[in-house]
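Q: Input: one structure, supplied below.
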Amino acid sequence: MKLAPETYILGISGGFHDAAATVIDGHGDIIFAAHAERYSKLKNDANLSDGLIAELCGYEFATVAYYERPWLHNLQRLYSGQRPDSPWTTKGAIRQQLGAWYSRPAGQEVAYPHHLSHAAAGFQTSPFDRATVVVVDAIGEWDTVTIWGAEYDSAGHAVYKKLWGQRYPHSIGLFYSAVTERIGLHPLDEEYITMGMAAWGSSRFSAGRIASELVESVDDVCFRQNLHAGLDPDSFTGYTNEDLAAGAQAVAEQLIYSVMRRARAFGFSTNLVYQGGVALNCLANRNLGDYFETIWIMPCPGDAGSSVGAAALAYGKKLNWRDAYLGREIPGEYPVRACIHSLQHDRICGVASGRAEFGPRALGNRSLLADPRGPDIKDLVNQIKRRQQFRPFAPVVLEEHVSEYFDMPGGWVDSRYMQIVGRCLRPDLYPAIVHVDGTSRIQTVPADGSGIRQLLEAWYAATGCPMLLNTSLNIRGEPMVNTRADADRFEALYGVRVHS
Ligand SMILES: [Fe+2]
């Protein structure tokens, strides 16, 4: 398909959880990408909300691309004893998401395979011209693990060759979600809390028991039971939740690494593109360098990111990836001076400036920032966040200083979207950003002229400290702040200045 530069493609993911929309133009620029939840204030909102749809109204779309094939998704649900939860046709699913607004004339409508959308979101935003793509998620259509060889042909079109796959109900994501539910957390939402809890427990006894009872074959990613239905609440008694989390993390890592070993053995490329919700497991990600030389995980590897993937497949070629600041804009210069002033006087401040992050992590444009030095700052931030005490806060650090403070795992020279953990070399100085196992979830900031870069440079010049504590700016129980009005509500509730 040949596109005029002024025509646009809309990519949609939705209907299941964490709906999102992406707009790319005929030059391959991602000009907008956002999550429905940031507009509706419903966490992981499954459907495109009115506020998000309003952002799309200024465009005429040549193509609307859906992130999976609705009929196959519904067939899978019927097979697993669930009712279909969306229309069966591509047109119907798109209309369900876009509502009345979509009655206007538009161009073609297409739907792509769920895992191919994941793969395209990763490969076509990556710096690579050839890569091994690994997708590991919970459930979409039937695929649960896929390995692809991806490259561009002589005309620059992305070509994907499927090398291996595993199918429902054998799913690493469903396994991790089942344990998440078993320990009292919300599946398909709070897996990151399970991961944080793992460091407080021991996998010494629990991992072997979990593996022997649930896993049929690590090499082939086969389970003994369908974990979609969850675990018996009375299973694995005698273990603390922390030990179960640690055991699940250890078993998940064995499974993930067996997939990576298999993927590498195809010999297609030493570049890894890793996608799917399981790619958000930054603890497991630390060892990917054992299998691949260079690694790309885009900031939104889960289903929301597949709105980028569907649009990328319709576009067909490499996208011009810039950064993760793709959502709603709060205009104005990044408030560097105001933040420095607040940090020096109050040690903590919010910032809501520029375009909102696409992906689950606040990367500086919708962040609560704090001076990471000293023993008491964690409690100060927790007075606002009221998170479980076992969960650490993350550091955001000038990229050129990262090796002075953190031991970066092999294969990783940066972690611009908080994809990995690394051992903190100075936990004595920065206890607030160090987990109980001595690691930190690192965000590195290159010299890209971004607002958070300017702020870190000014903070370093003023204090000699090249990092800040960074956590998402959100009212408790709500998604991240999106607009200035949201920031005003945050200020009123918590008494913390939020600069724009
Ligand atoms: Fe998925």
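The values are calculated or read from the model by the stated rules, or taken from the named source; none is laboratory data. Just so it is clear, the structure is predicted and the values come from calculations on it, not from any experiment. Positions of Cβ are backbone-derived with ideal geometry, glycine not excepted, and every protein chain shown enters the neighbour counts.
Q: Assess whether PHE236 counts as being buried (at least 19 other Cβ atoms within 10 Å of the Cβ), more than 16 Å from the ligand (Cβ to nearest atom) and within 26 Å of LYS162 (Cβ to Cβ).
A: No, not satisfied.
Q: Considering (1) closer than 21 Å to MET260 by Cα; (2) of a type in the set (S, T, N, Q); (3) surrounded by fewer than 18 Cβ atoms within 10 Å (Cβ to Cβ); (4) touching a residue at least 12 places away in the same chain (Cβ under 8 Å), say which one SER202 fails and leave the rest.
A: Failing condition for SER202: (1).
Q: Under 9 Å between Cβ atoms, which residue pairs at least 6 apart in sequence (or on different chains) link something in the stretch 165-178 that is touching a residue at least 24 places away in the same chain (Cβ under 8 Å) and over 18 Å from LEU244 (Cβ atoms) with a partner that is away from the ligand (no atom under 13 Å from the Cβ) and β-branched (Val, Ile, Thr)?
A: That search, which allows pairs on different chains as well, returns GLY165/ILE147; GLN166/VAL221; GLN166/VAL259; HIS170/VAL221; SER171/VAL221.
Q: For the stretch 235-269, name all the residues that are free of Cβ contacts under 8 Å to residues at least 60 places away in the same chain and among the hydroxyl-bearing types (Ser, Thr, Tyr).
A: SER235, THR237, TYR239, THR240, TYR257, SER258
Q: Starting from residues that are charged (D, E, K, R), part of a helix (DSSP H, G or I) and within 26 Å of the chain's Cα centre (by Cα), keep the ones in the stretch 188-243 and report whichever is modelled with the lowest pLDDT.
A: GLU191
Q: Please go through (1) within 16 Å of the ligand (Cβ to nearest atom); (2) under 25 Å from GLU357 (Cβ atoms) for CYS57 and return the number of the only condition it doesn't satisfy.
A: It is condition (1) that CYS57 fails.
Q: From the list VAL421, VAL413, VAL436, exactly one residue is surrounded by 18 or more Cβ atoms within 10 Å (Cβ to Cβ) and on the phi < 0 side of the Ramachandran plot. Which is it?
A: The match here is VAL421.
Q: Sticking with this structure for a sec: Consider only pairs whose beta carbons are under 7 Å apart and that are at least six residues apart or on different chains; among these, list those whose first residue lies in the stretch 34-57 and is surrounded by 21 or more Cβ atoms within 10 Å (Cβ to Cβ) and whose second residue is among the charged types (D, E, K, R) and in a loop (DSSP other than H, G, I, E, B).
A: HIS35/ASP18; ALA36/ASP45; GLU37/ASP18; GLU37/LYS43; GLU37/ASP45
Q: Could you check the stretch 132-178 and list, in sequence order, the residues that are aliphatic (A, V, I, L, M) and over 20 Å from the mean Cα position of the chain (by Cα)?
A: Of everything in the stretch 132-178, those that are aliphatic (A, V, I, L, M) and over 20 Å from the mean Cα position of the chain (by Cα) turn out to be ALA150, ALA155, ALA158, VAL159, LEU163.
Q: Right, next: Tell me, yes or no, whether the stretch 148-157 has at least one residue that is of a type in the set (Asp, Glu), in a loop (DSSP other than H, G, I, E, B) and out of contact with any strand residue (DSSP E or B) (no Cβ under 6 Å at 6 or more places or on another chain).
A: no
Q: Go through the stretch 129-160 and count every residue that is more than 10 Å from the ligand (Cβ to nearest atom) and within 29 Å of HIS17 (Cβ to Cβ).
A: So the answer is 12.
Q: Within the stretch 265-276, can you find the residues that are under 14 Å from GLY165 (Cα atoms) and more than 16 Å from the ligand (Cβ to nearest atom)?
A: Hit for the stretch 265-276 is PHE266, nothing else.
Q: Given (1) of a type outside the set (S, T, N, Q); (2) out of contact with any Asp or Glu (no Cβ under 8 Å at 6 or more places or on another chain); (3) within 14 Å of the ligand (Cβ to nearest atom), identify the lone condition not met by GLU109.
A: (3)
Q: I would also like to ask the following. When you check SER117 against the structure, is it within 12 Å of the ligand (Cβ to nearest atom), over 17 Å from the mean Cα position of the chain (by Cα), within 25 Å of ILE295 (Cα to Cα) and surrounded by 24 or more Cβ atoms within 10 Å (Cβ to Cβ), yes or no?
A: Criteria not met by SER117.
Q: Name the single residue that is farthest from the chain's Cα centre (by Cα) among those in the stretch 63-72 being at pLDDT 90 or above and not β-branched (Val, Ile, Thr).
A: Once the filter is applied, the top-ranked residue is TRP71.
Q: If you don't mind, another one. Given the conditions (1) part of a loop (DSSP other than H, G, I, E, B); (2) closer than 20 Å to VAL110 by Cβ, which single one is not true for ASP45?
A: The single condition ASP45 does not satisfy is (2).
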